[in-house]
Amino acid sequence: MTNLTSLLLLSNSKNYGGSFLEHALKPIAKLVHQDDLVFVPFALADHENYGKLISDALSTLPFAVQVATPDERGIELISRAKVLFVGGGNTFRLLKTVQNLGVMPSIVRRYRSGELRYMGSSAGTNLACPTIRTTNDMPIVSPDGFEALGLVPFQVNAHFQDDQAFVGHMGETRRTRLTEFLEENDAPVLALREGAWIEMTASGKLHVGGENGAILFRRTRHNVEEVELQSGDDLADLESSTPVYDSR
C-alpha cells in the first residue's frame, strides 16, 4: 500500500474526442496496480451497462473489475474492496443510494486506515468531499442531507467551465455559482476543468494532475479569491482546511 497512489479524483470520465477513461489510464494503473477493482455504478440508473462500459474501458490493464449492486452482495463487495471506483452520473442519486446501503462509515474508516484506495469521477469525486454542495447536478432525488465521505477536507467542482464557454448564455456561469456558494459557506472549492484530476502520490503529496488545470476558489474577508493551478501544483495547504458550512 505504501508504494501505491491512494486517492484519484477525476473531473470527468471522458475527454472530448477520446474514449472512456483513455486520458486517465496511467494514474488509474498506479492506483489499482494488480488488485481487483470494485466499481460503484449507483450514480446512473442502468448499473449493468455502466459496469460493462467501465470493464471494457479498463480491459487493457492487469486487474479485474467487479461491479457492485445495491444489495447485500454489493455491500459485501464494497466492504472488502482494496480499490473502490465510484463513477459519475447524478450525485444526489449516488449519495442517496450509498446512504441507504449504510456503506459510508466503512468506506471512510478503511480509507483512513490505509486498507482502501479510492477513485472517483465526477459524481464519485463529489462524494469524496465533505458535502455534495458544489455538484452541478439536479436534485432528482432527496438524500438524507448533503454530507458526504470527507476523504478530502475541501470541496471540488467537477467539469468546471471558464466564462468564455458561456458566451451568448444569459444565465449564471459556473464562476457565479461558486461565488454564491462561498457567500454562504467558508469552504475552499477546487474547480477542476475537463481532463484534470487530484492525486495523492505514494509520498503523500496531494497535487493537481492531468490536463487543463484548475482554479482554487476561496472566501476572503471582502470577496472571493481565485488562484490558477496547473498540473503538478501542490495542494498541501488544502489538506489542513477546516470548512465551515452555512457560515454567512
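The values are calculated or read from the model by the stated rules, or taken from the named source; none is laboratory data. These figures come from a predicted structure and were not determined experimentally. Ideal geometry is used to build each Cβ from the backbone, glycine not excepted, and the neighbour counts take in all protein chains shown.
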So in segment 28-73, with the set limited to residues that are β-branched (Val, Ile, Thr) and not in a strand (DSSP E or B), which one is surrounded by the fewest Cβ atoms within 10 Å (Cβ to Cβ)?
Thr60
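Each row is one residue, and each column tells you yes or no for (1) over 12 Å from the mean Cα position of the chain (by Cα); (2) of a type in the set (Ser, Thr, Tyr); (3) farther than 18 Å from Leu7 by Cβ.
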site: His47; (1), (2), (3): yes, no, yes
site: Leu77; (1), (2), (3): yes, no, yes
site: Thr97; (1), (2), (3): yes, yes, yes
site: Arg109; (1), (2), (3): yes, no, no
site: Asn136; (1), (2), (3): yes, no, yes
site: Gly145; (1), (2), (3): yes, no, yes
Can you find a residue in segment 116-131 that is among the hydroxyl-bearing types (Ser, Thr, Tyr), under 17 Å from the mean Cα position of the chain (by Cα) and assigned to a helix (DSSP H, G or I)?
yes
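Kindly provide the set of residues from segment 145-173 that are at pLDDT 95 or above and more than 15 Å from Asn212 (Cα to Cα), ordered by number. Explain how you work it out, then say what you get.
Our first condition is that a residue be at pLDDT 95 or above; within segment 145-173, this holds for 145-160.
Once the filter is applied, which keeps residues that are at pLDDT 95 or above and more than 15 Å from Asn212 (Cα to Cα), segment 145-173 yields Gly145, Phe146, Glu147, Ala148, Leu149, Gly150, Leu151, Val152, Pro153, Phe154, Gln155, Val156.
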Condition first: aliphatic (A, V, I, L, M), over 16 Å from Ser11 (Cβ atoms) and surrounded by 20 or more Cβ atoms within 10 Å (Cβ to Cβ). Now tell me which residues in segment 201-241 satisfy that.
none
Return the residues of segment 74-90 that are part of a helix (DSSP H, G or I) and in contact with a strand residue (DSSP E or B) (Cβ under 9 Å, 6 or more places away or on another chain); say none if nothing qualifies.
Gly74, Leu77, Ile78, Arg80
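Can you find a residue in segment 192-206 that is under 19 Å from Thr179 (Cα atoms) and either modelled with pLDDT of 95 or more or among the small types (Gly, Ala, Ser) (or both)? Before you say what the answer is, go through the steps one by one.
Here is the first cut: in segment 192-206, the ones under 19 Å from Thr179 (Cα atoms) are 192-193.
Retained after the next criterion (residues that are either modelled with pLDDT of 95 or more or among the small types (Gly, Ala, Ser) (or both)): 192-193.
So far as segment 192-206 goes, yes, one or more of its residues are under 19 Å from Thr179 (Cα atoms) and either modelled with pLDDT of 95 or more or among the small types (Gly, Ala, Ser) (or both).
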Of those in segment 74-109 that are within 20 Å of Glu239 (Cα to Cα) and in contact (Cβ under 8 Å) with a residue 24 or more places away in the chain, the residue surrounded by the most Cβ atoms within 10 Å (Cβ to Cβ) is Ile107
